[in-house]
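**Student:** Here's a structure for you.
What follows is calculated from the coordinates using simple rules that are stated; it is not laboratory data. Everything numeric in this text was worked out from a predicted model, so none of it was measured. Reconstructed Cβ throughout: ideal geometry from the backbone, glycine too, with neighbour counts over all protein chains shown.
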Amino acid sequence: MVTVNKYLYEDDFGQKICSCSEKQEYKVLFREVNETELKTNEVEAVTKASIYKMEKLVVMCTECKEIYFISLSFEGSFKSQYVTLESVEIFDGEVVEARNLINRIYSEYEDVMVDIATDDYVIKVLSKSEDDEKTNTRYVYLNREDSILYADLQNE
Ligand SMILES: [Zn+2]
């Protein structure tokens with residue numbers, strides 16, 4: 001299932017990412033999601049993990065505007081969720097470089113099943129498959145309205 005989160009928080013990462021403040025609010029600039037949802041019956045779904053995700057994210061701290069490249073894995077059931085941060089890297093280049101980088105990464109995804117475009121973001125659904133046991137969806141999300149990332153273009 002394709003879900004759009006414009007912002008993520010400490011709970012979504014299972015820990016603090018940026019040490020600048022307690023706010024822990026992050027704008028999602030880019031996200032690649034590979035999600036597998038198991039078809040469990042309702043009783044099992046409460047206790048057993050039924051959603052597995054691998055994600056690559058580029059997020060910006062809404063307080064200090066630092067940009068982070070993150071990869072994580074996620075296991076979730078109806079009751080609980082476990083997030084494992086595989087890597088967290090602070091981006092030390094210019095904002096425009098970050099923008100160019102994530103736009104280039106986004107453009108390199110080919111074999112797109114569905115393109116979704118709004119004023120604020122674009123999504124490519126890369127694949128979707130389903131069998132008796134599970135549904136798998138891969139998609140990428142790109143923000144394209146961030147006022148800092150696109151400041152030079154918005155002023156023109
Ligand atoms: Zn920060």
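**Student:** So how far apart, in nm, are the two label points at V96 and K79 if each is 7 Å from Cα heading toward Cβ?
**Tutor:** Placing both labels 7 Å along Cα→Cβ, they lie 5.4 nm apart.
**Student:** For the pair M54/T118, report the inter-label distance in nm, with labels modelled 7 Å from Cα in the Cβ direction.
**Tutor:** Inter-label distance under the simple model: 2.8 nm.
**Student:** Report the residue, chosen from V125, V96, V140, that carries the largest GNM mean-square fluctuation when the chain is represented by alpha-carbon nodes joined by springs under 10 Å.
**Tutor:** The residue that fluctuates most here is V96.
**Student:** For L153 and E110, compute 0.36 nm times the residue count separating them, minus their Cα-Cα distance, and round to one decimal in nm.
**Tutor:** Taking 0.36 nm per residue and subtracting the Cα distance, the gain is 12.9 nm.
**Student:** Could you give the dipole magnitude of the stretch 93-156 about its Cα centre, charging the beta-carbon of Lys and Arg +1 and that of Asp and Glu -1, in debye to the nearest 20?
**Tutor:** 80
**Student:** Here's something else I'd like to know. Could I get the Rg over Rh figure for the stretch 75-156? Both from C-alpha atoms, Rh via Kirkwood, rounded to two places.
**Tutor:** 1.06
**Student:** Compute the Cα gyration tensor for the stretch 34-99, then decide on rounded, prolate or oblate, letting a ≥ b ≥ c be the square roots of its eigenvalues: rounded whenever a/c is under 1.5, prolate when a/b is larger than b/c in the other cases, and oblate in all that remain. If you can, show how the numbers build up before the last one.
**Tutor:** Working: a/c = 3.75, a/b = 3.07, b/c = 1.22.
Because a/c hits 1.5 or more and a/b exceeds b/c, the stretch 34-99 counts as prolate.
**Student:** Average projected area of the Cα convex hull of the chain, in nm²?
**Tutor:** So the Cα hull casts an average projection of 10.2 nm².
**Student:** Right, here's the next one. Using Cα pairs closer than 8 Å and at least 6 residues apart in sequence, work out the relative contact order for the chain, in percent. If you can, show how the numbers build up before the last one.
**Tutor:** Numbers: 311 pairs, mean separation 34.9, N = 156.
Rounded, it is 22 percent for the chain.
**Student:** Then there's this: Report the FRET efficiency, 1/(1 + (r/R0)^6), for E145 and E37, where r is their Cβ-Cβ distance and R0 is 35 Å, rounded to 0.05.
**Tutor:** Working: r = 29 Å, r/R0 = 0.84.
After rounding to 0.05, the efficiency reads 0.75.
**Student:** I've got another one for you. Between V125 and C64, what's the calculated FRET efficiency when r is the beta-carbon distance and R0 is 41 Å? Round to 0.05. Each step should come with its number before you reach the end.
**Tutor:** Details: r = 33 Å, r/R0 = 0.81.
With R0 = 41 Å, the Cβ-Cβ based efficiency is 0.80.
**Student:** Quick one: what are the phi-derived ³J(HN,Hα) couplings along the stretch 109-115, Karplus 6.51/-1.76/1.60 with θ = phi - 60°, whole Hz, x for glycine and proline?
**Tutor:** Whole-Hz 3J(HN,Hα) from phi for the stretch 109-115: 6, 10, 6, 8, 7, 9, 10.
**Student:** Hey, with R₀ at 25 Å, roughly what FRET efficiency would N136 and D11 work out to, going by the Cβ-Cβ distance, to 0.05?
**Tutor:** Once rounded, the FRET efficiency stands at 0.50.
**Student:** Rounded to whole Å, give me the distance from the Cα center of the stretch 96-113 to that of the stretch 26-87.
**Tutor:** So the two Cα centres are separated by 21 Å.
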